[in-house]
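Since the structure comes first, as structure tokens, the remarks are kept for the end.
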Amino acid sequence: QVQLVESGGGLVQAGDSLRLSCAASGRALSTYAMGWFRQAPGKARNLVAGISYFGDSTYYADSVKGRFAISRDNPKNTVYLQMNSLKPEDTAVYYCAATTHPYYDDPSNYYDWGQGTQVTVSS
């Protein structure tokens, strides 16, 4: 099991940028594919971005393509989500998640979760 702690959320205006970080501990990050999910009030938790074990491939939900970028630094045991051109509809709690499954674009494969960080985008 890996422990995950997100940081970097906050209140921003539409059009601004934020970078979320997810610090992992307990096991080497390179043994996990990683993902960022988000959950808005009253809605399901959805996968917005995923990255393979060594960062050579990524997945993005259509709603964030071209605006968000996921990356990882395995020696630092950290995964990032760079969010640009933020919109009010990006408002949600963002969760970092891990899986040892190679199909990191399948939300059902994730099983270790962080506690989440709130992102609020005002119009």
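Hull volume per residue, based on the alpha-carbon atoms of the chain and their convex hull, is 89 Å³. Ranked by solvent-accessible area (1.4 Å probe, protein heavy atoms only, all chains present), the residues Tyr80, Tyr110 order from largest to smallest as Tyr80, Tyr110.
Sequence-distant contacts, meaning Cα pairs under 8 Å at least 6 residues apart, place the relative contact order of the range 50-96 at 27 percent.
The residues packed around Lys87, meaning those with a beta-carbon under 11 Å from its beta-carbon, carry a net charge of -2 if Lys and Arg are +1 and Asp and Glu are -1. For the residues Arg19, Arg45, a 1.4 Å probe over the protein chains yields an accessible-area ranking, largest first, of Arg19, Arg45.
Relative contact order of the chain: 36 percent, from C-alpha pairs under 8 Å at least 6 residues apart in sequence. The listed residues Phe54, Phe68 rank as Phe54, Phe68 when sorted by accessible area, largest first, using a 1.4 Å probe.
Here Lys43 is the anchor, and the lysines within straight C-alpha reach of less than 24 Å, apart from those fewer than 8 places off in the same chain, are Lys65, Lys87.
Taking the Kirkwood radius as Rh and the Cα radius of gyration as Rg, the range 20-88 has a ratio of Rg/Rh equal to 0.98. Looking at the chain alone, DSSP beta bridges between its own residues are antiparallel in about 90 percent of cases. The residues packed around Met34, meaning those with a beta-carbon under 14 Å from its beta-carbon, carry a net charge of -3 if Lys and Arg are +1 and Asp and Glu are -1.
The range 90-115 to the range 22-51: how many Å between their Cα centroids? About 3 Å separates the Cα centre of the range 90-115 from the one of the range 22-51.
The values are calculated or read from the model by the stated rules, or taken from the named source; none is laboratory data. If you're wondering where the values come from, they're calculated on a predicted model, not measured in any experiment. Using ideal geometry, Cβ is built from the backbone for each residue, glycine included, and neighbour counts are taken over all protein chains shown. Accessible surface is based on the protein model in full, side chains and every heavy atom, while ligands, DNA and RNA are left aside. Shrake-Rupley method; radii C 1.70, N 1.55, O 1.52, S 1.80 Å.
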